[in-house]
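Each remark here refers to the structure printed beneath this line.
The values are calculated or read from the model by the stated rules, or taken from the named source; none is laboratory data. Just so we're clear, the structure is a prediction, and the values are computed from it rather than from any experiment. Cβ: placed from backbone, ideal geometry, glycine included. Neighbour counts: every protein chain shown.
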Amino acid sequence: MKLKTTHCKEIDILNLSDKELLDLSKNNVLSLSLEEMKTIQDYYKNLKRNPTDIEIETIAQTWSEHCKHKTLTGIIDYLEISPQKKIHKQYNNLLKETIFKATMELKKKWCLSVFEDNAGIIDFDDKNAIAFKVETHNHPSALEPYGGSATGIGGVIRDILGVGLGAKPLANTDVFCFGKPNTPPKKVPNGMHHPKRIIGGVVSGVRDYGNRMGIPTVNGSVYFDDGYMANPLVFCGTMGIIPKNKIAKKTRAGDLVLVAGGRTGRDGIHGATFSSVELNKESDVSAVQIGNPIVEKKVLDAMLKARDLNLYRAVTDCGAGGLSSAVGELGENTGVEIDLKKVPLKYDGLRAWEIWISEAQERMVFAVPPKNKEKIIEIFAKENVEAVFIGVFTKDKKLKISYDGDLIADMDMSFLHKGVPKITRRAICEIKNEFEQKTIKMNSSEILKSLKKVLEDLNVCSKEWIIRQYDHEVQGQTIIKPLQGNNIEVSGPGDAAVIFPYTVVKGTKKAIVLSNGLNPEYGKINAYKMAASAIEEAIRNAVCVGGNIEKISLLDNFCWGNTDKEEILGSLIRAAKACYDFSKSFSIPFISGKDSLHNEYSIGQKKYSIPPALLISAMGVIENVSNTLTMPFKKEKNKVFILGLTRNELGGSVFSKINSIKDGVVPNVYPKESKPIMKKIYQAINKSLIESCHDISDGGLAAAVSEMAFSAGIGVKIDIDKVKIKGKMSPAEILFSQSNGRFVVEVDAKNEKKFRSLFKGTVFSQVGLTGGKDVVFESVKNKIKVMENPKKLMSSWQKTLQDI
Amino acid sequence: MYKIEIKTKENFRDARGEYYLYEIISMGFDNVKKVKYCPLYIIKGDISDGEAEIIARQLLIDEITEDYSIKKENEILSPIKVGGAIEVWYKKGVTDTVAQSVQKAVKDLGIDKKIEVNTGHKYYLFGDISDEDLALMAEKLFANTLIQGYEIENHALQRN
């Protein structure tokens, strides 16, 4: 059948020169490279015809970095230079050779679906599994913070709805990187929103979408750095539960294509690449996506009903690339014929290709066996959800699109999905030696001043202003919550959240732990250690509340600068390598991930890349929900232990930043030391030998101990001389070092003997006692005694964001 | 066309107005003494005056804390002449989810006519404020010009 051009345009490509091909890509916001354009040209030369606009747009969407991860799966020529040696290596698929490889080698039987579906899935109990996914929505959030973050959370919820045959969302997480809220307005680049406006918009966007969907937002973190002023990072995550027999999906030829949910408009067309300059008062605002949680909630309710009646064979969500990606994904192995005239529209006047690639929100695409045609429409209608059949899956492995009876696209699925040429990129990483800082000599009052400044620091301080806007209780299953305190007047930062899904899984005792790790400050010095530290921090956080490291899985989210630059891609490779190394050494698999590269912004003529950020999110299964812990001290006269070795590791620490200390070694990760400790903590919690447990990270042990004390409203006395250290360290260095692998735990005197014998063979020491009216850190040897009332420390911790 | 403006009654707290006052002051404009926030709705379609009243009273306001005024096409509603005012509306093509809900709710009220709804926001700023400052506040605080347009009224200057 010949293509007709009543409803589309023919794009002349056959006779274009290299320069003209590149211009075509640029002028139509296709973001395709010359090599890719030439591959397309060759394909159509073989067909002896020009492509239509909708065909070119489909290829551009399918081959986009967002959908195909061309950088992480492409060829990379990598050179690593350290003072000791040079390593030259070629990666043919970085993802498969690092993160994915670790998962394959670990061969965990409880990993049910990894790196293939919309989310990673692991085993929960004999009948159910749990799925977790974290996405980023950075660029839209920079331009329209409220809509950008709302559609970020809306999108990741749909990933959970679109995993397998659909999981029921149980909890959301969110992690943000912002510029500092107190940035002087003059420092904000022209045309950008002030960080304060971005923060307000992003937080309310996540709040409104999550709360209205009836999904609790239970875990997250916020990181402030000037480097994110013009390019904030917005990570949104959702965890859901799915019956094990609903994980497999397979489209069959003859199944009908059903689109359900929101209507299609010009929302988000070329969303990632448009420029605000092009928009004026009269122009249609096509690039901005606005979310409608009420529609998505109805889709959720209706589709789970249809799922349980086995009315469809496959489902996926409309995300980036819209119908083009979603339908393409479901029909990749069959073929599909679509009639775009049938797609319900918000308003008239959309061109065919716009309908096809629109990123309008709240839409899901299903493969429905013809016999269920009426039944499924009836179910959606009952929930007031618009659902329309727009085509049929075929067996010719072709994508055929028609509009009003005219055929406007006819392409091979194999070319669309496998035709993208592999790009070769070069990467370089120069590893510098790190040196210990000059010994830090501080007297007691200087140490106290530093402690308060650390607690006040934007990256340590209380995020209560944000957390309290979120509903973290809806569904009634949040057992361990984000803010923890022994009474209503005190609070401290919980390490991780625990969800007890007793309303979905009747009679269960099991629970799900969610946590995260992130530290871009380390990444400015050493990307490898940043990744290693983020992995361990996420795991440690989960362990603190009762997580079992034998049953924890990880997600990676890379947000990097412009990876066309060799040294930026080089740091990404180092981080990916750390993911492999530590996934293997902790025996904890990655199950899914996402990357957002090219986070670059300009001020004037100069271009800046963001500080690289690797967010590690952890999800684990807890066998018995009763055996979970919060972080505040529980009572007076209990013994305080520090587990793990304190090293002189102040590189990238909060203490170094506030005191402008040069040099310093970035904390490393020592799985041989920390893994046995984490295993034993799990055993200790299950034998009720520990009263409270808190991870030592930002701000070191001084901050961790202070948080446990003020959230309990009681004092504590710590003997600095008893902390197990490596080498020589001054009291300030011991208190503020951010060495990984450490925990503060509280033990009742009656359990001390059992506790000590359990931890035999690991590095630990008793360092103090709870009780008294002050938080005290003392070193008799160095004549140091730091004393402060816990309430005053809490007010330092609480006031920073309250004042903004 | 009906334009409906919702006001918080005098003895009730206008939390959004207070929030914006706080933000304006922290932007450095200490000449603003008070901010009053009023949601706006435009309803186009073949409805009667009475139906517009029903929609405003039964759907758009909370009768205990809020009041409304309705303006018909070409009719000038006496505005609050106190200083500046900024009206913010979505640009064409931007999904207006609140308007969609209103459209559906109007049907649920039993008014089964084809209507089109737009939602907007009006901020009254009490004090003597220049047009330039109003425009700056509109762009930095009240409207995201990527998706929203704004219009400024300035009664303070007229009075001078």
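Of B:99, B:105, B:135, all but one fail to be surrounded by fewer than 20 Cβ atoms within 10 Å (Cβ to Cβ), closer than 29 Å to residue A:267 by Cβ and in contact with a helix residue (DSSP H, G or I) (Cβ under 9 Å, 6 or more places away or on another chain); the exception is B:105.
On the stretch given as the range A:194-203, residues that are within 11 Å of another protein chain (Cβ to nearest Cβ) and assigned to a helix (DSSP H, G or I) total 5. Residues that are in contact with a helix residue (DSSP H, G or I) (Cβ under 6 Å, 6 or more places away or on another chain) and of a type in the set (Val, Ile, Thr) within the range A:128-156 comprise just one, A:153.
Yes or no, residue by residue, for (1) touching a Phe, Trp or Tyr at 6+ places or on another chain (Cβ under 8 Å); (2) without any contact (Cβ under 8 Å) to a residue 24 or more places away in the chain:
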position: A:112; (1), (2): no, no
position: A:116; (1), (2): no, yes
position: A:120; (1), (2): yes, no
position: A:124; (1), (2): no, no
position: A:132; (1), (2): no, no
position: A:138; (1), (2): no, no
position: A:141; (1), (2): no, no
position: A:145; (1), (2): no, no
position: A:153; (1), (2): yes, no
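No other residue among A:164, A:191, A:214 is under 30 Å from residue A:309 (Cβ atoms), surrounded by fewer than 24 Cβ atoms within 10 Å (Cβ to Cβ) and either more than 14 Å from chain B (Cβ to nearest Cβ) or not charged (D, E, K, R) (or both) apart from A:214. Please state which one of B:94, B:98 is within 11 Å of another protein chain (Cβ to nearest Cβ) and assigned to a loop (DSSP other than H, G, I, E, B). Answer to the selection: B:94. From the list A:314, A:320, A:302, the one residue that fits, being in contact with a helix residue (DSSP H, G or I) (Cβ under 7 Å, 6 or more places away or on another chain), modelled with pLDDT under 90 and more than 12 Å from chain B (Cβ to nearest Cβ), is A:320.
The residue that is nearest to residue A:259 (Cα to Cα), counting only those in the range A:152-172 that are assigned to a helix (DSSP H, G or I) and touching a His at 6+ places or on another chain (Cβ under 9 Å), is A:155. For residue B:36, indicate whether it is touching a helix residue (DSSP H, G or I) at 6+ places or on another chain (Cβ under 9 Å), basic (Lys, Arg) and crowded, with 16+ Cβ neighbours inside 10 Å. So residue B:36 passes the test. Given (1) out of contact with any helix residue (DSSP H, G or I) (no Cβ under 8 Å at 6 or more places or on another chain); (2) assigned to a strand (DSSP E or B); (3) within 22 Å of residue A:232 (Cα to Cα), where does residue A:564 come up short, assuming only one miss? The failed condition is (2). Within the range A:464-498, being over 22 Å from residue A:537 (Cα atoms), touching a Leu at 6+ places or on another chain (Cβ under 8 Å) and hydroxyl-bearing (Ser, Thr, Tyr) holds for no residue. Any residue at all in the range A:68-90 that is within 32 Å of the chain's Cα centre (by Cα), assigned to a strand (DSSP E or B), small (Gly, Ala, Ser) and under 30 Å from residue A:247 (Cα atoms)? No, every residue in the range A:68-90 fails to be within 32 Å of the chain's Cα centre (by Cα), assigned to a strand (DSSP E or B), small (Gly, Ala, Ser) and under 30 Å from residue A:247 (Cα atoms). Within the range B:25-41, none of the residues are touching a residue at least 40 places away in the same chain (Cβ under 8 Å) and part of a helix (DSSP H, G or I).
When the range A:352-374 is filtered for residues that are in contact with a helix residue (DSSP H, G or I) (Cβ under 8 Å, 6 or more places away or on another chain) and either of a type outside the set (A, V, I, L, M) or closer than 22 Å to residue A:310 by Cα (or both), the ones remaining, listed by number, are A:353, A:356, A:358, A:359, A:361, A:362, A:363, A:364, A:365, A:366, A:367, A:368. For the structure I just gave you, tell me whether residue A:134 is among the hydrophobic types (A, V, I, L, M, F, W, C) and either within 14 Å of chain B (Cβ to nearest Cβ) or more than 16 Å from residue A:66 (Cα to Cα) (or both). So residue A:134 does not fit the description; no.
For (1) touching a Leu at 6+ places or on another chain (Cβ under 8 Å); (2) outside any strand (DSSP E or B), each residue gets a yes or a no:
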| position | (1), (2) |
| --- | --- |
| A:210 | no, yes |
| A:230 | no, yes |
| A:236 | no, no |
| A:241 | yes, no |
| A:251 | yes, yes |
| A:258 | no, no |
| A:266 | yes, yes |
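Results for (1) over 18 Å from residue A:699 (Cα atoms); (2) polar (S, T, N, Q), shown as yes or no for each residue.
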residue	(1), (2)
A:433	yes, yes
A:446	no, no
A:456	no, no
A:459	no, yes
A:467	yes, no
A:475	yes, yes
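Just one residue in the set A:19, A:4, A:26 is surrounded by fewer than 21 Cβ atoms within 10 Å (Cβ to Cβ), among the basic types (Lys, Arg) and not in a helix (DSSP H, G or I); that residue is A:4. Residue-level check: of (1) within 13 Å of chain A (Cβ to nearest Cβ); (2) assigned to a helix (DSSP H, G or I); (3) under 17 Å from the mean Cα position of the chain (by Cα); (4) without any contact (Cβ under 8 Å) to a residue 24 or more places away in the chain, residue B:135 misses just (1). Considering the range A:336-394, the residues that are aromatic (Phe, Trp, Tyr) and over 19 Å from residue A:256 (Cβ atoms) include one that is surrounded by the most Cβ atoms within 10 Å (Cβ to Cβ), namely A:353. Of the helices (runs of 4 or more DSSP H) lying entirely inside the range A:396-480, those carrying at least 2 residues that are modelled with pLDDT of 95 or more are A:444-456. Of the strands (runs of 3 or more DSSP E) that lie entirely inside the range A:584-653, those containing 1 or more residues that are surrounded by 24 or more Cβ atoms within 10 Å (Cβ to Cβ) span A:590-596, A:613-622, A:639-643.
For the range B:43-53, the condition holds for no residue, the condition being that it is within 28 Å of residue A:200 (Cβ to Cβ) and in contact with a helix residue (DSSP H, G or I) (Cβ under 9 Å, 6 or more places away or on another chain).
Table: residues versus (1) surrounded by fewer than 24 Cβ atoms within 10 Å (Cβ to Cβ); (2) among the hydroxyl-bearing types (Ser, Thr, Tyr).
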residue	(1), (2)
A:680	yes, no
A:683	yes, no
A:696	no, no
A:706	no, yes
A:709	no, no
A:725	yes, no
A:750	yes, no
A:758	yes, no
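Of note, residue A:116 does not satisfy the criterion of being closer than 22 Å to residue A:316 by Cβ, acidic (Asp, Glu) and assigned to a strand (DSSP E or B). Elements of the type strands (runs of 3 or more DSSP E) sitting completely within the range A:298-386 and holding at least 3 residues that are touching a residue at least 60 places away in the same chain (Cβ under 8 Å) and farther than 23 Å from residue A:244 by Cα: these cover A:336-339.
Among the residues making up the range A:481-500, a single one is within 22 Å of the chain's Cα centre (by Cα), within 20 Å of residue A:715 (Cα to Cα) and not in a strand (DSSP E or B): A:494.
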